[in-house]
Ligand code: NI
C-alpha cells in the first residue's frame, strides 16, 4: 500500500464525471488499498478516486455506527456505485471535504439510501445505509460525478478551531 496525495480544488479531476471501472484486477485492488490507507491517514471517513487524481468510479467509506460508539468501524469499497433507492425523508448535516480545505457547509441529504455497485472482485453488491453513513455515501458518489459539497450547501463557512474537528470525506 502507498499513501497518495489528496488533490484539492481547483484541480480539474475533481470536476470530471469519472470513468466506469471495467477491470477488476491487481491494479484496481492496489488503487483501493491506497485509497483506504490515504483515507485513514488523513484522517477521513470516505474518499473517492478522483480525490487522489484517478478519474475512476471507485469509492471507499469507513465509519462506525452512530447508534453505538463501541461498534467496530465498517469498511466499504465500492466500484461503480449508484443510488437505486432514496428516502423521501431528508436531513441537514454539516459536511467538510479533504479536497476543499478550510470550509464547512450545511447540506441536505437523503436519510436512507440503497447503493448498488461492485466489490473489488467485480461482484454485485448492495448496501442499505442510513444517517451519517448514507450522508458519506452520497458525498462520495457526488465526487465521482464532479460535484462538491459546496455546490449543494445552503450555507458555507470557515470553521472555527473547534469545528475543525469535523469529520471529512
Ligand atoms: Ni469530499
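Each value in this text was obtained by applying a stated rule to the coordinates, not by laboratory testing. Keep in mind the model is a prediction, meaning the values are calculated, not measured. Cβ atoms come from the backbone with ideal geometry, glycine included; neighbour counts cover every protein chain shown.
Below is a table of values for the structure above.
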{"quantity": "Isotropic mean projected area of the C-alpha convex hull, the chain (nm²)", "calculated": "9.5"}
{"quantity": "Ranked by how many other beta carbons lie within 10 Å on average, peptides 54-62, 91-99, 14-22, 126-134 from highest", "calculated": "54-62, 91-99, 126-134, 14-22"}
{"quantity": "Separation of the residue 119 and residue 147 label points, Cα + 7 Å toward Cβ, nm", "calculated": "2.8"}
{"quantity": "Mean Cβ count within 10 Å, highest first, over the residues of peptides 111-120, 140-149, 63-72", "calculated": "140-149, 111-120, 63-72"}
{"quantity": "Counting DSSP beta bridges with both ends in the chain, the antiparallel % (nearest 5)", "calculated": "95"}
{"quantity": "Debye intensity ratio I(q)/I(0), log10, the stretch 48-91, q values 0.21, 0.33 Å⁻¹ (C-alpha model)", "calculated": "-0.90, -1.02"}
{"quantity": "Principal semi-axes in Å for the stretch 1-40 [√(5λ), Cα gyration tensor, largest first]", "calculated": "20, 16, 6"}
{"quantity": "Alpha-carbon gyration tensor eigenvalues x 5, square-rooted, for the stretch 72-169, Å", "calculated": "25, 15, 12"}
{"quantity": "Rg ratio (alpha-carbon, reference 2.2 N^0.38 Å) - the stretch 1-84", "calculated": "1.13"}
